[in-house]
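The block underneath contains the structure these notes are about, expressed in structure tokens.
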Amino acid sequence: MLNDLMDTVFFNRFKELMVGSGAAATLISRLAGSTLLLFFLTRLSNLRSNIPPHRMAKAKVQRSIRPVRSGWLPELWASPKPFGLGEQHPNNFWEVFRAIAENRDNLGYAYRILDQGVCDGCALGTTGMKDWTVSGIHLCNIRLRLLRLNTMPPFDGKLLENVKPLQSQRSRDLRGLGRIPYPLIRRQGEPGFRRISWEEALNLIAQKIKASQPEQIYFYLTSRGVPNETYYAAQKAVRALGTNNIDNAARVCHSPSTFALKAALGVAATTCSYTDLIGTDLVVFFGSNVANNQPVMMKYLYYARKAGTKVAVVNPYREPAMERYWIPSDVESALFGTKIAEHFFQVQASGDIAFLHGTLKQMISEGWLNDDFIRDHTAGFAELRSLLDRLSWEELEAASGVSQQRMRDFARLVAEANRAVFVWGMGITQHTCGEDNVHAIINLALSKGFVGREGCGLMPIRGHSGVQGGAEMGAYATVFPGGLPINQENAAKFSQQWGFSVPNKPGLTTPEMLELALQRELEVLWSMGGDFREVMPDPELVESALKTIPLRVHQDIVLSSQMLIEPDDTVILLPSATRYEIPGGVTETSTERRVIFSPEIPGPRIEEARPEWEVFLESARRVRPEWANKLSFAGTEAIREEIARTIPVYAGIQNLKAKGDSFQYGGPMLCAGQKFSTADSKARFKAVNLPQITSPVGAFRVVTRRGKQFNSMVHEDIDASTAASRDVILMNPLDAQRLGLLSGDHVRLHNDFGSYDGTVLLAPVTAGTLEIHWPEGNVLVDPRARSPLAKIPAYKEISAMLERASKAERREPVLKV
Ligand code: SF4
């Protein structure tokens, strides 16, 4: 009754007021609502940071290379209209009201999660609603949208007695049904799932694992707020089962960054801190849209702009939210928005290496390099220079899609900076040349000595709160804990430490696992979170692969579409506890290498949901009872103690016990004093060749992009930053004119892997390149195309032909089971 009342009076009314447009009354209401909430947020921000309100407008940055100018700066305003009314941009105030309405049955717990927990969204990192970069509130729409996953009650298990009606639902709707209440099982030929006990479930799993060869079992851990303790315990359990077949979501985001950074600098993580962004001379974003994926980064950039930092973006699409952003927790920016990026360099898809080579070639010819740094602190420059000498400007222009003059403009921007931070995202890594793309960015940074100094750094920005720690904990097919390569020597070291035999051959990555399944060679797949059918290229092929696996275990907090795929023999669902429910608290590692403690938060519990780390170890004990005492931890504190002993850079994690406890491994800056962790302490340039992109004549280059979503979790059909619906194909007006197309026309993209029906939306995207949403665009991704070392799928490297399609011909959306 109360809920109904809230629905009608609160939710719908606010939605009407905040989302509606046009009518003066609505605008006034929207203005009033925004003002009220702005007042609340800024008061909250001040109270929580103990700053007297009258001092609130002063700089709130913890440390800055150059002072942040105080007072308002109208020259940075995005629009004179209050709250950007009538402008196309996300309404972050509406998100707060929405979160309140959505969590209204559990508001106290929801608030405690926000106030005490570490955000389970992206890897920027918080403690409660604060961080270590700026004082004041740290909160964004992603975290608010994820909140409900933590506060939802369980669904009625009867719902799964027949899965047929659920198979046509969108993943978003499946997630919204509620938490998984208890273990469930479905056998081949059965219409749905029935309840089983944990005892029965774990016995069945152990029996099947015992009956399988170690190379025929596979474990995948997603991020979804997964903490370091879970990753560490899981990889130890899996290795006790005799296999390195364990991988995590880091594989599909920054695995190429890890390889390239390690090879070039000897470290495999972001070298600087977020504070280095604020007041440096230049920040460049390569293939990264932080406005969408790490929204609070825009607040850091707001202060950076107030300190005089220039912001540039290298990307095929001129992302509107990177150009102008309304930061809700700052009065000035909330009211008038802020111009963030002022320089855009629109490369074509897969054009980054050519663009970066051209930039460096220009800098060499102009004598704009840091010669002293190159001489004293690097190796390999001569080879790179000779490669650049051999490349003609015609080649570089054709391969980058950018004119020599624009490459010169970028070169000048870089040359004029004494300090700079380079940030990159999936637009760089998700290519067959992902590692080389990262090397090309590192080359440019090294040419100016932008590493190991204050205000300088290389930052592969992470999108999931768990992925930085996931690979570092060793939940990875290609490395042991601490990033140690999988070989005989390291296997022997861990065998001795853990007291059981550790396998010495690298395991399978996820694409390789799917290939094995297609050959009917995989016996067990244990997937903790994730949804391969959504995330991996070629969903139909993925579904076929999953259908061949005799035992699939899906351990998660909510339902996903892959759980509903028909069993070959058995599918078991296991209910997980969230990070906020784990006794003893847990830790995550942020993009800036900060290891942060997130306490257990009192609140309602799903009775049978269990911490995932316990379940992995208990299963391993059932398979290997002789090692039971080596596969047990008294709690998460004991896991942290072992992590500290096992991974040297994580020493100190054992001391994290309360909200706010954290440390940055390696300190605020890696490679400090420009000493690199390589054999000769020098950084390495790498002469990377231009990628050979072969496309049929007339084909477009197509890249996948995010809309209003968090990783693969779509939150809204319309992206408020671009006004784009999920099916749009962003197209340059020149391409549209050439083909006689207009916004709204129905077209079909097709290639050897599938076809994608969409609607043209004219947009500032490079000519010859199209952008479509991910994961829907996975139907066009070549499932065999992956980078050589990291084996990341090439989600941003699609080649497809375009043809007109009538609306009647359009196919159903692809993301159904
Ligand atoms: S920016 Fe990232 S870490 Fe910060 S609140 Fe948003 S999702 Fe969480």
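The values are calculated or read from the model by the stated rules, or taken from the named source; none is laboratory data. Fair warning: this is a prediction, and the values are worked out from it, not measured in the lab. Cβ placement follows ideal geometry from the backbone for every residue including glycine, while neighbour counts extend to all protein chains displayed.
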### Task
Hey, can you tell me all the residues within region 129-158 that are more than 8 Å from the ligand (Cβ to nearest atom), in a helix (DSSP H, G or I) and touching a residue at least 12 places away in the same chain (Cβ under 8 Å)?
144, 145, 147, 148, 149, 150, 151, 157
### Summary
Of those in region 269-299 that are in a helix (DSSP H, G or I) and touching a Ser or Thr at 6+ places or on another chain (Cβ under 6 Å), the residue nearest to the ligand (Cβ to nearest atom) is 274
### Within region 109-130, considering residues that are under 21 Å from residue 459 (Cβ atoms) and among the aliphatic types (A, V, I, L, M), the one surrounded by the fewest Cβ atoms within 10 Å (Cβ to Cβ)
123
### Query
Which of the strands (runs of 3 or more DSSP E) contained wholly in region 453-562 include at least 3 residues that are within 16 Å of residue 222 (Cα to Cα)?
524-528, 551-556
### Query
For region 62-69, does any single residue satisfy the condition of being within 16 Å of the ligand (Cβ to nearest atom) and at pLDDT below 85?
yes
### Summary
Only unsatisfied item for residue 173, checking (1) among the acidic types (Asp, Glu); (2) surrounded by 17 or more Cβ atoms within 10 Å (Cβ to Cβ); (3) at pLDDT below 95, is (2)
### Pairs where the first residue, in region 665-680, is touching a residue at least 12 places away in the same chain (Cβ under 8 Å) and the second is loosely packed, with under 14 Cβ neighbours inside 10 Å and in a loop (DSSP other than H, G, I, E, B), C-beta under 6 Å, 6+ apart
675/681
### Task
Give the residues of region 300-344 that are in contact with a strand residue (DSSP E or B) (Cβ under 8 Å, 6 or more places away or on another chain), within 16 Å of the ligand (Cβ to nearest atom) and assigned to a helix (DSSP H, G or I), sorted by residue number.
300, 301, 302, 303, 304, 322, 333
### Task
Can you confirm whether region 120-128 contains a residue that is out of contact with any Asp or Glu (no Cβ under 6 Å at 6 or more places or on another chain), small (Gly, Ala, Ser) and more than 8 Å from the ligand (Cβ to nearest atom)?
no
#### Entry: Single match in 392, 350 (criterion: over 25 Å from residue 451 (Cα atoms) and surrounded by fewer than 17 Cβ atoms within 10 Å (Cβ to Cβ))
392
### Message
Among the numbered criteria (1) under 18 Å from residue 302 (Cβ atoms); (2) within 16 Å of the ligand (Cβ to nearest atom); (3) in a helix (DSSP H, G or I), which one does residue 99 miss?
### Response
(1)
### Query
Within region 619-639, can you find the residues that are more than 27 Å from the chain's Cα centre (by Cα) and surrounded by 19 or more Cβ atoms within 10 Å (Cβ to Cβ)?
619, 620, 621, 623, 624, 631, 633
### Task
Looking only at region 728-746, count how many residues are out of contact with any helix residue (DSSP H, G or I) (no Cβ under 6 Å at 6 or more places or on another chain) and either in contact (Cβ under 8 Å) with a residue 60 or more places away in the chain or hydrophobic (A, V, I, L, M, F, W, C) (or both).
9
### Task
Of all residues in region 650-677, count the ones that are surrounded by fewer than 17 Cβ atoms within 10 Å (Cβ to Cβ) and hydrophobic (A, V, I, L, M, F, W, C).
3
#### Entry: residue 558 among the aliphatic types (A, V, I, L, M) and more than 16 Å from the ligand (Cβ to nearest atom)
yes
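Listed here are the residues, each with its yes/no results for (1) under 30 Å from residue 752 (Cα atoms); (2) at pLDDT below 95; (3) of a type in the set (Val, Ile, Thr).
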{"position": "490", "(1), (2), (3)": "no, no, no"}
{"position": "505", "(1), (2), (3)": "no, no, no"}
{"position": "517", "(1), (2), (3)": "yes, no, no"}
{"position": "541", "(1), (2), (3)": "yes, yes, no"}
